[in-house]
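J.: What follows is a single structure, and I will ask about it in a moment.
The values are calculated or read from the model by the stated rules, or taken from the named source; none is laboratory data. As the structure is a computational prediction, the values presented were derived from the model and not from experiment. FYI the Cβ positions are ideal-geometry reconstructions off the backbone, even for glycines, and counts take in every protein chain you see.
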Amino acid sequence: MDNNSLSVLNDNQYCEDLDIRVLNFEKKTLPPDWSLDRTAGKTCMLTYILEGRAACYVEGKPYLASKGDFVFVPDCTAYSAHGDRKKELACYLMEFEYSYKSGSGSELPLPTVFNAESDIVLNDLYKEMERTWEFKARGYRLMSRAIALQIFHELLFRTYRAQNTCKQSNRIEIIKEYVHKHYRNNIQLEDVAEILNLNPVYTGSYFKKRTGYSIKQYINHVRINQAKNLLASGDYTVTEVAQMCGYHDIFYFSKVFKQIEGVSPSYFQQ
């Protein structure tokens, strides 16, 4: 979570007059190796991951999300994602619009990826929303609006109240930001641990527990995402792209690329 998100979350007074309109809600189970690509839509998306994990790209910036994580995509924002090649993904997907009765044009103060720490209240609210949209009884949209407001009340006023939760979320975001800035370099676990003043073994274990990915796996995802963009431009050879993304062994680069994308690097040059 960035500092701007934290500052807004510490001042939620204007959220008191938040209004939510749920346009669609569904529980989905996606097969292994699924993918999706959404251009900048006019509605917001909130995904709650129940099982599995996914690599998400919001405005080109990579994020990893796993069980218990929420992924928030604001309106007018490009978004793509793909799943684990071996595991299904189960999630709740809410498409919605929001406004403030005061007429404020403020953005909804939620980070892109965050964890609700197994919030029992949220789980119950999502199950109630699922039943509401499954049966679609008379007045179900009004009911779903009421449930959605409870969900966002829980997220905005309760989920981030504990300082410890914020601190833990910050650690993950600091690691991700460091990797995003230094993916071209030979990043070592000790480098990441040093910026947090933590033990390297603990840092690696902590990151994997929170995200489902090792730090090395996350580095590879960031590098390969950048590599795809460079290859698609047509301005560089595969060898040049590999070196620009931190790989000095072309064969290892091609191996990692195929593991993540399922195709060879040359596919993106076509």
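J.: Only one residue in 156, 198, 125 is modelled with pLDDT under 95 and touching a Phe, Trp or Tyr at 6+ places or on another chain (Cβ under 8 Å), so which one is that?
T.: Result: 198 is the single residue among 156, 198, 125 that is modelled with pLDDT under 95 and touching a Phe, Trp or Tyr at 6+ places or on another chain (Cβ under 8 Å).
J.: Restricting attention to region 12-47, and to residues there that are surrounded by 14 or more Cβ atoms within 10 Å (Cβ to Cβ) and out of contact with any strand residue (DSSP E or B) (no Cβ under 7 Å at 6 or more places or on another chain), which single residue is nearest to residue 74 (Cα to Cα)?
T.: 41
J.: I've got another one for you. Tell me whether region 232-254 contains one or more residues that are under 22 Å from residue 67 (Cβ atoms), assigned to a helix (DSSP H, G or I) and modelled with pLDDT of 90 or more.
T.: Looking for residues that are under 22 Å from residue 67 (Cβ atoms), assigned to a helix (DSSP H, G or I) and modelled with pLDDT of 90 or more, one finds none in region 232-254, hence no.
J.: Considering each of 213, 206, 218 in turn, give the residue that is part of a loop (DSSP other than H, G, I, E, B) and either in the same structural domain as residue 87 (by TED's automatic domain parsing) or surrounded by 15 or more Cβ atoms within 10 Å (Cβ to Cβ) (or both).
T.: Exactly one residue qualifies, and that residue is 213.
J.: Just need a number here: residues in region 70-92 that are surrounded by 16 or more Cβ atoms within 10 Å (Cβ to Cβ) and in contact (Cβ under 8 Å) with a residue 60 or more places away in the chain.
T.: Summing the residues that are surrounded by 16 or more Cβ atoms within 10 Å (Cβ to Cβ) and in contact (Cβ under 8 Å) with a residue 60 or more places away in the chain in region 70-92 gives 4.
J.: So which residues in region 70-98 are part of a strand (DSSP E or B) and either among the acidic types (Asp, Glu) or not assigned by TED's automatic domain parsing to the domain that holds residue 45 (or both), if there are any at all?
T.: Within region 70-98, 95, 97 meet the criteria.
J.: Hey, can you tell me all the residues within region 69-128 that are of a type in the set (Ser, Thr, Tyr) and touching a strand residue (DSSP E or B) at 6+ places or on another chain (Cβ under 7 Å)?
T.: 77, 79, 80, 92, 98, 99, 100, 106, 112, 126
J.: For residue 96, all conditions in the list (1) surrounded by fewer than 20 Cβ atoms within 10 Å (Cβ to Cβ); (2) modelled with pLDDT of 90 or more; (3) in contact with a Ser or Thr (Cβ under 7 Å, 6 or more places away or on another chain) hold save one; what is the number of the exception?
T.: Of everything listed in (1) surrounded by fewer than 20 Cβ atoms within 10 Å (Cβ to Cβ); (2) modelled with pLDDT of 90 or more; (3) in contact with a Ser or Thr (Cβ under 7 Å, 6 or more places away or on another chain), residue 96 misses just condition (1).
J.: If I filter region 48-60 down to residues being under 19 Å from residue 222 (Cα atoms) and in contact with a helix residue (DSSP H, G or I) (Cβ under 7 Å, 6 or more places away or on another chain), which single residue comes out as surrounded by the fewest Cβ atoms within 10 Å (Cβ to Cβ)?
T.: Checked region 48-60; the qualifying residue surrounded by the fewest Cβ atoms within 10 Å (Cβ to Cβ) is 57.
J.: Now a separate question. How many of the residues in region 17-37 are assigned to a strand (DSSP E or B) and either outside the structural domain of residue 87 (by TED's automatic domain parsing) or charged (D, E, K, R) (or both)?
T.: So the count comes out to 6.
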